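The structure appears below as structure tokens.
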Amino acid sequence: MFRKRAASLLAVMFLIAFSIPLLAVDLTVVDSTGKQTLLKDALLTYVLLNPEQFQMSNPDGLAIHKGKGQTTIEWKNIAKIVIKKDKTQLQMLITVKGSPEVVVPIKETGTLQGHVTSGTFKIALSEVKSMVPTPGS
């Protein structure tokens, strides 16, 4: 009986998990050569520094450290993200509408991927100049 319930619960959890859209933001991306690309259902993966922590963007926004805590900057509040290369790390400079710019140090291992008309597109964050959320594209 316990196995049947566990199997049923697992099946329901599986259906819920895969029915929720995980990739919900479209981004206009400019790479290091100046080429502009519209990515549908974009996903950023990055490692925050201090403390080191792996993150993925989500339908709501980007997770960042704020003091000892963590917060999510919502996509609708982000005007632009610029990737700046420092000597030892990358920085995401996030322009938040109506607020000061937020500087987020990240490791160079981050990636950005999404869909373009010809298929899947993937690029290292170190090769990205900027990203702008593009609603309803």
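What follows is calculated from the coordinates using simple rules that are stated; it is not laboratory data. Nothing here was measured: the structure is a model prediction, and the numbers come from that model. Note that we place each Cβ from the backbone using ideal geometry, even for glycine, and neighbour counts take in every protein chain shown.
List of remarks:
- Other-chain or far-sequence residues with amide H under 5 Å of ALA79's (modelled H): THR95, VAL96, LYS97
- Residue-wise HN-Hα coupling along region 36-41, computed from phi with Karplus coefficients 6.51, -1.76, 1.60 (Hz; x: Gly, Pro): 9, 9, 8, 9, 8, 6
- Long pairs among LYS35/LYS87; LYS40/LYS122; LYS35/LYS122; LYS35/LYS97; LYS85/LYS129; LYS40/LYS76, criterion Cα-Cα beyond 18 Å: LYS35/LYS87; LYS35/LYS97
- Chain lengthening between GLN53 and LYS97 when straightened (0.36 nm per residue, less Cα-Cα): 13.3 nm
- Å³ per residue enclosed by the Cα convex hull of region 23-133: 96 Å³
- Footprinting exposure proxy for ASP31, ASP26, ASP86 (fewest neighbouring C-beta atoms within 10 Å first): ASP86, ASP31, ASP26
- This model, with +1 at the C-beta of Lys and Arg and -1 at the C-beta of Asp and Glu, gives region 23-133 a dipole about its Cα centre of some 200 debye.
- What the Cβ-Cβ distance of THR33 and THR71 gives, at R0 = 22 Å and to the nearest 0.05, is a FRET efficiency of 0.10.
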